[in-house]
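See structure below.
The values are calculated or read from the model by the stated rules, or taken from the named source; none is laboratory data. Since the structure is predicted, the reported quantities are computational estimates derived from the model, not experimental observations. Positions of Cβ are generated from backbone atoms using ideal geometry, with glycine treated the same way; all protein chains shown enter the neighbour counts. For the accessible areas, the whole protein counts, side chains as well, though only heavy atoms, and no ligand, DNA or RNA atoms are used. Shrake-Rupley method; radii C 1.70, N 1.55, O 1.52, S 1.80 Å.
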Amino acid sequence: MKERLQELETEALGKVEKSGTIDELKQVRVEYLGKKGPITEVLRGMGKLSKEERPVIGQLANDVREKISDAIDEKQTKLEDEALEEQLKEESIDVTLPGRPVQVGGPHLLTSIIEEIEDLFLGMGFEIKEGPEVETDYYNFEALNLPKGHPARDMQDTFYITEELLMRTHTSPVQARTMGQKNGTEPVKMICPGKVYRRDTDDATHSHQFTQIEGLLVDENVRMSDLKGVLQTFAQKMFGAEREIRLRPSFFPFTEPSVEMDISCKMCGGEGCSVCKGTGWIEILGAGMVHPNVLEMAGYDSEKYSGFAFGMGPERIAMLKHGIDDIRHFYTNDVRFLSQYHKA
Ligand code: 2NL
């Protein structure tokens, strides 16, 4: 029996040694230390031994079992360590590799332009006001000296919700509302950016929805020279200190007199080129002195109060500033277009 146990020990340790995987090792454990294993069998046969032999063989059997078990445990730890080592080697990362680039968004070009214009006017003491895009006929047209049936309404056809409710065609109603809140006594100095609507067929220069920024200054003794000074400051801050401005006579129902403002062409320095169509000047915005009817309807005494107003299209400003040839680029939102204007 002694020999049988020693034989089993040698045999088992040999198999442990040869095991290359945890599974193989498990097999060895079951084979030698399991309930049906040879050592259990030896212990079961102890009854046949003499009183003197029994503790000796018992001790030996336990020693053998322990040795095999220890060897299996040791080998298991070794195999597990090796497996971990292997896995770490395979999964090791090179922290010095450059990272994968992340797509970072940014403000839409129109948003950036509008904010730039807002900043310029905030710097001159104007407030920013917003108002509803769904307007009443009164604030969109009547309060701006465009009574029902006025021919100038034809140029501002829009989307009607009811006879009296419509999508605003300009941001002027925000200004009419603001003036109306002043009891005809307080001055107004504001700009109003926002979306406006026209019943237009979309093409390279027209869109049924676009944005506008209008400005209004009402106070005592406001003169055309105040308008010119504010607009010249705006033009030079927006397009460059070397730019000159030019005011040409025009017509708007809500201003009298009315003007259109041009800036000198940067491309040709005033010589005439394709950008300015040979004139040396580029049209930027419309403006004028607030019509007395508009002041009176808002509650001001037009003998005491006067004001100037202007309106511009941020799309047009952005197109001129960046040489963009189609207004639809602003609304189709192709990232290849938009990302060109994200600051680094
Ligand atoms: C343009 C011209 C303009 C105004 C807008 C205005 C508003 C009030 C009273 C008087 Cl409440 N005028 N706005 C005046 C002149 C021109 O816009 O070409 N816009 C794109």
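Structure data summary
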{"item": "Whichever aspartates and glutamates have a C-alpha closer than 19 Å to that of residue 2, once near sequence neighbours (fewer than 8 apart) are set aside", "result": "11, 41, 52, 53, 63, 66"}
{"item": "Dipole of segment 2-91 [Lys/Arg +1, Asp/Glu -1 at C-beta], most positive-end residue of 46, 77, 57", "result": "46"}
{"item": "Nearest-20 debye value, segment 243-344 charge dipole, Cβ charges on Lys, Arg, Asp, Glu", "result": "480"}
{"item": "Compactness index (Cα Rg / 2.2 N^0.38 Å), the chain", "result": "2.18"}
{"item": "Mean separation of Cα contacts under 8 Å, 6 or more apart, over the residue count of segment 2-91: relative contact order %", "result": "38"}
{"item": "Kirkwood Rh (inverse of mean 1/r, distinct Cα pairs), segment 75-230, angstrom", "result": "20.3"}
{"item": "Net charge over other residues, Cβ less than 15 angstrom from the Cβ of residue 342 (K, R count +1; D, E count -1)", "result": "-1"}
{"item": "For segment 111-190, radius of gyration divided by Kirkwood radius, i.e. Rg to Rh on alpha-carbons", "result": "1.03"}
{"item": "Nearest-20 debye value, the chain charge dipole, Cβ charges on Lys, Arg, Asp, Glu", "result": "400"}
{"item": "Total lysine pairs whose alpha carbons fall under 22 Å of each other in segment 106-247 (8 or more apart, or interchain)", "result": "7"}
{"item": "Karplus-derived HN-Hα couplings along segment 109-114 (A = 6.51, B = -1.76, C = 1.60, θ = phi - 60°), whole Hz, x at Gly and Pro", "result": "3, 5, 4, 4, 5, 4"}
{"item": "Solvent-accessible area, 1.4 Å probe, carbon plus sulfur percent, for segment 130-236", "result": "48"}
{"item": "In degrees, nearest ten, helix 53-91 long axis to first principal axis of the chain (Cα)", "result": "30"}
{"item": "Candidate aspartates and glutamates for bridging to residue 89, where Cα separation is under 19 Å - those fewer than 8 sequence places away on the same chain excluded", "result": "80, 81"}
{"item": "Dmax and Rg, reported as Rg then Dmax, of segment 2-91 (C-alpha, Å)", "result": "16.1, 60"}
{"item": "Computed Kirkwood radius, in angstrom, where 1/r is averaged over Cα pairs of segment 200-244", "result": "13.4"}
{"item": "Burial ranking of peptide ranges 39-51, 299-311 (average Cβ count within 10 Å, highest at the top)", "result": "299-311, 39-51"}
{"item": "Unit charges at the beta carbon, dipole of segment 135-285: most positive-side option, 143, 259, 245", "result": "245"}
{"item": "Reachable lysines from residue 75, criterion Cα separation under 17 angstrom, eight or more residues apart if same chain", "result": "15, 18, 26, 67"}
{"item": "Gain in span if fully extended, residue 85 to residue 233, counting 0.36 nm per residue against the direct Cα distance", "result": "46.2 nm"}
{"item": "Fully extended contour minus Cα-Cα distance, from residue 1 to residue 160, at 0.36 nm per residue", "result": "46.5 nm"}
{"item": "Two-decimal Rg to Rh for segment 269-344 - Kirkwood Rh, Cα set", "result": "1.19"}
{"item": "Neighbourhood net charge (12 Å Cβ-Cβ; Lys/Arg +1, Asp/Glu -1) for residue 293", "result": "-3"}
{"item": "Positive-end residue, the chain charge dipole about Cα centroid, Cβ charges, pick of 209, 234, 181", "result": "209"}
{"item": "Residue-normalised accessible area of the chain, expressed per residue, 1.4 Å probe, Å²", "result": "58"}
{"item": "Rel. contact order, % - alpha carbon contacts under 8 angstrom, at least six apart, segment 109-341", "result": "21"}
{"item": "Pair residue 195, residue 332: separation of 7 Å Cα→Cβ label points (nm)", "result": "2.0"}
{"item": "Potential lengthening between residue 93 and residue 26 on full extension [0.36 nm per residue; Cα-Cα distance subtracted]", "result": "20.8 nm"}
{"item": "Karplus (6.51, -1.76, 1.60) ³J(HN,Hα), θ = phi - 60°, over segment 115-123, in Hz, Gly and Pro reported as x", "result": "5, 5, 5, 4, 4, 4, 6, 4, x"}
{"item": "Average projected area [Cα convex hull, segment 204-344], square nanometres", "result": "10.4"}
{"item": "Cysteines (scope the chain) whose Cβ has no counterpart Cys Cβ under 4.7 Å", "result": "192"}
